[in-house]
Amino acid sequence: MSRRMTGAELAAFEAKMGLSDVWVAGAVSVRRDTVAKWKRDRTLIPYRVPAALADALAGLVAKADDAIAELSLMGYSEGDE
């Protein structure tokens, strides 16, 4: 059986990635106050949450890659002053 993510792990992950409770809540389709409860270990974090966060971040990476490519096509590149 998988182990559950702890509130401390979620809080550390948010801090490391620069995420907010609002972003996490949207990524896993819950309310912001639910995320706050998870981080205080007031309620258990569902097993699906780490995978849902990974999927949401993967989607962000794909969008960022597309945006970088679009800017490059527009003639913007690193080092332009």
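Name every residue in region 31-47 that is of a type outside the set (Ser, Thr, Tyr) and either crowded, with 18+ Cβ neighbours inside 10 Å or part of a helix (DSSP H, G or I) (or both), in order of residue number.
Selection gives Arg32, Asp33, Val35, Ala36, Lys37, Trp38, Lys39, Ile45.
Could you count how many residues in region 48-81 are assigned to a loop (DSSP other than H, G, I, E, B) and either within 18 Å of Arg4 (Cβ to Cβ) or of a type in the set (Ser, Thr, Tyr) (or both)?
Residues flagged as assigned to a loop (DSSP other than H, G, I, E, B) and either within 18 Å of Arg4 (Cβ to Cβ) or of a type in the set (Ser, Thr, Tyr) (or both) within region 48-81 amount to 3.
From the set of residues in region 56-70 that are without any contact (Cβ under 8 Å) to a residue 40 or more places away in the chain and surrounded by 12 or more Cβ atoms within 10 Å (Cβ to Cβ), which is farthest from Ala15 (Cα to Cα)?
Filtering region 56-70 for residues that are without any contact (Cβ under 8 Å) to a residue 40 or more places away in the chain and surrounded by 12 or more Cβ atoms within 10 Å (Cβ to Cβ), the one farthest from Ala15 (Cα to Cα) comes out as Ile68.
Quick note: the coordinates plus some simple rules give every number you see, no bench work behind them. All figures in this text were calculated on a predicted structure; none of them were measured in a lab. Methodologically, a virtual Cβ is constructed for each residue, glycine included, from the backbone with ideal geometry; neighbour enumeration extends over all protein chains shown.
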